[in-house]
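Shown next, in structure tokens, is the structure this report addresses.
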Amino acid sequence: MPVTTCVFDAYGTLFDVAAAARQAASEPAFSQISDTWQVLAEHWRLKQLQYTWLRAVAGAHEDFWQVTRQGLDWALERNGVAGDPELRERLLALYWELQAYPEVPSMLAALKAGGMNTAILSNGSPDMLSGAVNSAGIGDVLDDVLSVESVGVFKPDARVYDLVGKRFDCAHDEVLFVSSNGWDAACATGYGFTTAWVNRAGEPVDRLPWTPAHTMPDLTGIPALAGL
């Protein structure tokens, strides 16, 4: 069936998760991370994701904001700056104002102009996602923002992907699911979605039972992939 619904992961896909550390590092008050912010951002993101997986497997769910704070605390300690509460608070504040990647507004506008349903499907808590969407100014080109908090488990649990069909009353093969996380796109393939992996960093394909249907360097090709 033709694609009717385009659904996006949020963090790392629409929103640049490195933006918080990059911005803080540019500010004179936090010059201690001016040369290491990229490593700090990578560690923060890695632990954030690892903690979602572990909590999902262990049945120990907490919302994504708690997981984000815990991931940052690990990353700060790992990079030798755990004793700076002002840096911690600045990084957490900036996470609510993450920048969207440059192509995001026009890409989403093209999908809406073509009659597509558009949505976010994210591990993020509703408040976090609302802050990011408002900061990026993309609320008018999204039909909905779906959070895992409504089912109480993180991706890639199938109950998360179920949210799309329940919201838009669409079949699995009507959905184009887009994620910057290879594991997320792969698992969504296994669920039955058509998938696109936005592999901005040129990473290897994850060794999983499934692979993303499409791989692209950014989001500019999504409208064409959706058939527009």
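Before I look further, what does the chain give for accessible area per residue, probe 1.4 Å, in whole square angstrom?
Computed with neighbouring chains in place, this is 44 Å² per residue.
Near residue 74, within a Cβ-to-Cβ distance under 13 Å, what is the net charge of the other residues, with Lys and Arg +1 and Asp and Glu -1?
+2
Using the Cα centre of the chain as origin and beta-carbon charges of +1 (Lys, Arg) and -1 (Asp, Glu), tell me which of 70, 93, 19 is placed farthest towards the positive end of the dipole.
In the chain, that residue is 70.
For residue 155, list the lysines whose Cα falls under 23 Å from its own Cα; do not include residues on the same chain fewer than 8 positions away.
Cross-link targets: 47, 166.
Taking Cα pairs under 8 Å and at least six residues apart, what relative contact order does the chain come out at, in percent?
Dividing the mean separation by the residue count of the chain yields 25 percent.
For the chain, give the percent of accessible area contributed by carbon and sulfur heavy atoms, probe 1.4 Å, rounded to a whole number.
51
Would any residue of the range 1-24 have its amide N under 12 Å from a label point 7 Å out along Cα→Cβ of residue 82? List them or say none.
Taking a point 7 Å out along Cα→Cβ of residue 82, no residue of the range 1-24 has its backbone N under 12 Å.
Using 7 Å Cα-to-Cβ label points, what is the residue 26/residue 134 separation (nm, one decimal)?
Output for this residue pair reads 2.3 nm.
Could you please state, rounded to a whole Å, how far the C-alpha centre of the range 111-128 is from the C-alpha centre of the range 78-110?
Centre-to-centre distance over Cα atoms comes out at 19 Å.
Of the options 216, 120, 37, report the single residue whose Cα projects farthest towards the positive end of the charge dipole of the chain (beta-carbon charges: Lys, Arg +1; Asp, Glu -1).
Going by the Cα projections, it comes out as 216.
If I stretch the segment between residue 207 and residue 46 completely, what's the gain in nm (0.36 nm per residue apart, minus their alpha carbon distance), one decimal?
Answer, rounded to one decimal: 56.2 nm.
Per the Kirkwood definition applied to all pairs of different Cα atoms, how many angstroms is the hydrodynamic radius of the range 1-143?
About 16.2 Å for the range 1-143.
Among the aspartates and glutamates, which fall within straight-line cross-link reach of residue 112, defined as a Cα-Cα distance under 16 Å, with same-chain neighbours fewer than 8 residues apart omitted?
103, 140, 143, 144, 174
Put a dot 7 Å past each Cα toward the Cβ at residue 171 and residue 73; how far apart are the dots in nm?
4.8
Based on a Kirkwood Rh over C-alpha pairs, give the Stokes-Einstein translational diffusion coefficient of the range 95-228 at 10 °C and viscosity 1.306 mPa s in µm²/s.
This corresponds to a translational diffusion coefficient of 104 µm²/s.
The values are calculated or read from the model by the stated rules, or taken from the named source; none is laboratory data. On a predicted model such as this, the values are computed, not experimentally measured, just so you know. Every residue, glycine as well, gets a Cβ built from its backbone with ideal geometry; the counts of neighbours run over all protein chains shown. Surface accessibility is based on the protein's heavy atoms, side chains included, excluding ligands, DNA and RNA. Shrake-Rupley method; radii C 1.70, N 1.55, O 1.52, S 1.80 Å.
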